[in-house]
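Working notes for the structure below.
The values are calculated or read from the model by the stated rules, or taken from the named source; none is laboratory data. The structure presented is a predicted model; accordingly, all values stated were derived computationally and were not measured. Reconstructed Cβ throughout: ideal geometry from the backbone, glycine too, with neighbour counts over all protein chains shown. Calculation scope for accessible area: heavy atoms of the full protein, side chains included, ligands and nucleic acids excluded. Shrake-Rupley method; radii C 1.70, N 1.55, O 1.52, S 1.80 Å.
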Amino acid sequence: MKTYRYIDLITAVFVVVLIVSNIASTKVVLLGPFTFDGGTILFPLAYIFGDVLTEVYGYKRSRRVIWTGFFLLMLATLTFGLVNLLPTPADPQSQSAAQAFSTILGLVPRIVLGSLVAYWAGEFVNSFVLAKLKLATQGRWLWTRTIGSTLVGQGIDTGIFLLIAFYGVWDSSLLWTVFVSNYVFKVGVEVLFTPLTYAVVGFLKKHEGEDYYDRDTNFNPFALRES
């Protein structure tokens, strides 16, 4: 594979955004008319980075970054779970800290499963749609594929997460309210950040000397050995 100057930095920021978003998701927040988990404030940036990766470097390299994020998110959640299971000293301060840790970072299996499956499905669909739209538009109208791919990817991501994590726990009206709030907010962030996305994509295409088109790409998400 061709060597690039910035892809490692983008990968690192992408993974940090992903992990921090999942930690922040333990709190449900209110922001004006929106009701959503705290991770929603930052998580849309993961899709923006996903758009940038696919637009500049292509689906194959984006696929590697998505899998990197998936395994590091799994590592983070398993580490939190192990730490939560280990015994704590009996003094009140340690017990209080352990209770706070368990409340915020203790593993809830359905939420962990929902987060991992939703991230995996949403990011791959987002990357696939953007790559195909780039071919269909012959590289024109970047906004149509960044927003279009987000409309599909975020819908799948948000729907899968809420169904796996909270179906049967929250009543249907709350599930629908949170879904709409999450979806509208995430897509709105993508639209709002479109000028910045244009600037970053333009910078990377110029300095990396790359503007990849996935004409002969194998879109199988498991084809990690493909060069």
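Considering region 1-36, the residues that are part of a loop (DSSP other than H, G, I, E, B) and under 24 Å from V125 (Cα atoms) include one that is most open to solvent (accessible area, probe 1.4 Å), namely M1.
For region 72-113, how many residues are under 21 Å from the mean Cα position of the chain (by Cα) and of a type in the set (D, E, K, R)? Selection size over region 72-113: 1. Within region 206-217, can one find any residue that is surrounded by 17 or more Cβ atoms within 10 Å (Cβ to Cβ), of a type in the set (S, T, N, Q) and outside any helix (DSSP H, G or I)? Within region 206-217 (the criterion being surrounded by 17 or more Cβ atoms within 10 Å (Cβ to Cβ), of a type in the set (S, T, N, Q) and outside any helix (DSSP H, G or I)), the answer is yes, since at least one residue qualifies. Within the option set R110, R145, R140, being open to solvent by 20 Å² or more (accessible area, probe 1.4 Å), of a type in the set (K, R) and assigned to a helix (DSSP H, G or I) holds for one residue only, R110. Suppose we keep only residues that are in contact (Cβ under 8 Å) with a residue 40 or more places away in the chain and not in a helix (DSSP H, G or I) within region 37-87. Which one would you say is surrounded by the most Cβ atoms within 10 Å (Cβ to Cβ)? Here the answer is F43. Looking across L105, L133, one residue alone is modelled with pLDDT of 95 or more and open to solvent by less than 70 Å² (accessible area, probe 1.4 Å). It is L133.
Residues are listed down the side, and each one gets a yes or a no for (1) touching a Cys at 6+ places or on another chain (Cβ under 8 Å); (2) modelled with pLDDT of 90 or more; (3) among the small types (G, A, S); (4) open to solvent by less than 50 Å² (accessible area, probe 1.4 Å):
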residue: V191; (1), (2), (3), (4): no, yes, no, no
residue: P195; (1), (2), (3), (4): no, yes, no, no
residue: V201; (1), (2), (3), (4): no, yes, no, yes
residue: L224; (1), (2), (3), (4): no, no, no, no
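With respect to R110, is the statement that it is closer than 30 Å to Y167 by Cα and in contact (Cβ under 8 Å) with a residue 40 or more places away in the chain true? Considered against the rule, which asks whether it is closer than 30 Å to Y167 by Cα and in contact (Cβ under 8 Å) with a residue 40 or more places away in the chain, R110 comes out as yes.
Looking only at region 31-43, decide whether some residue is out of contact with any strand residue (DSSP E or B) (no Cβ under 9 Å at 6 or more places or on another chain) and β-branched (V, I, T). Checked against the condition, which is being out of contact with any strand residue (DSSP E or B) (no Cβ under 9 Å at 6 or more places or on another chain) and β-branched (V, I, T), region 31-43 yields no hits at all.
Of everything in region 167-188 that is among the polar types (S, T, N, Q) and exposed (fewer than 14 other Cβ atoms within 10 Å of the Cβ), the residue that is farthest from R110 (Cα to Cα) is S173. When L116, L133 are screened for being of a type in the set (A, V, I, L, M) and within 19 Å of the chain's Cα centre (by Cα), only L116 passes. Of the numbered criteria (1) modelled with pLDDT under 90; (2) closer than 28 Å to T144 by Cβ, the one G114 fails is (2).
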